[in-house]
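Taking it in order: structure first as structure tokens, then the write-up.
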Amino acid sequence: MSDQENLARTLADVLPKTVMVGALDKTNADGVKLYAVPKGTELKEVDLERLLPTPRRAKLYAQMAEPDSFLAYVQRHHTDNTVVWCKFNPQTFALSFCAVFDDFGTKGAPGWRGHMAEYTPEPSAEWKVWTANNGSEKAKAQIEFALFLERHETDIAAVEGMPSSLQMMAMATAFEANSEKRVKSVVKLQGGGTRLDFVDDNDAETEATMRLFERFAVGIPVFWAGPGYRVDARLKYRHGSGKVVFWYELLRADRVHEAAAKELIERVRGGLPAGTPLLMGQAAAHRT
């Protein structure tokens, strides 16, 4: 045996060796191994999960756009430890749902809480438009208000005792036709509503009469992909120097919003798998 071979064997005998620790001395179902390494080096964990056919546990945060998809996902992935949390603010009516599929067990066994699905209802485009233009601070000039009614004519609801969409469109057309005229008189009608008499500055003998409806109703969804709700509105106007500005005031839109939120909560509760709880609140990390 050569001197080099003797030196190599001697070093192999005296130097510390890396060994596997305890029961984890072979590849196991989790694909994790621990090694005891010589003094002065680090203790490292080697995770071989990437080599397994499937991950050891689900780790996913899914965001759903509408309630049917949220409920379908919960139905597909629910376990005995699944809990659905509902966060609802009774002041702002902000609403969200979060399904935790690996939540704490019924006997207190901790869960990883790494697989979740969330659904936060998005306001519908119609709800955004009508609430954003609500109130006297959104008053519009005559022709501007007429164009607004024309753009959203399909939102006008057919309610007995209130103007139809065709009648509202006729009023909007009259607004446009008289946009360059000044108001001569304002007359309250016995049957409800108001009549504005317009006069052309270039022809004092020419008058146009237009009837305003004091109230009308819109039928719009509160949430995207949700059902429609009736919201009544009061038509308002202000005139000065012969010109008129218009706006509307939604009547108790907050109650409509609250009712829609409560109905959605009950819809989700009724669509959950049997035995899956819906808890009002929010699961947060422990605070010290």
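Every number here is computed from the coordinates shown, using simple stated rules; none is lab data. Remember, it's a predicted structure, so these values are computed and weren't measured experimentally. Counting neighbours? That spans all protein chains shown, and the Cβs are built from the backbone with ideal geometry, glycine included.
Treating r as the C-beta distance of residue 75 and residue 164 and R0 as 30 Å, the FRET efficiency rounds to 0.10.
Between amide H atoms placed 1.01 Å from N, distances below 5 Å from residue 124 occur with 223, 224, all of them 5 or more places distant or on a separate chain.
Taking 0.36 nm per residue of separation and subtracting the current Cα-Cα distance, fully stretching the chain between residue 194 and residue 265 would add 21.4 nm. Listed values for the range 248-262 are Karplus-derived 3J(HN,Hα) couplings in whole Hz (6.51 cos²θ - 1.76 cosθ + 1.60, θ = phi - 60°), namely 9, 10, 5, 8, 6, 4, 5, 5, 5, 4, 5, 4, 5, 5, 5, and x replaces Gly and Pro.
With R₀ set to 22 Å, the beta-carbon distance separating residue 89 from residue 236 gives a calculated FRET efficiency near 0.15. A crude spin-label estimate for the pair residue 113 and residue 274, with each label 7 Å from Cα along the Cβ direction, gives 3.0 nm.
Taking GluC sites (Glu not before Pro) across the range 83-185, the ones in a DSSP loop with at most 16 further Cβ atoms lying within 10 angstrom of their Cβ are 160, 180.
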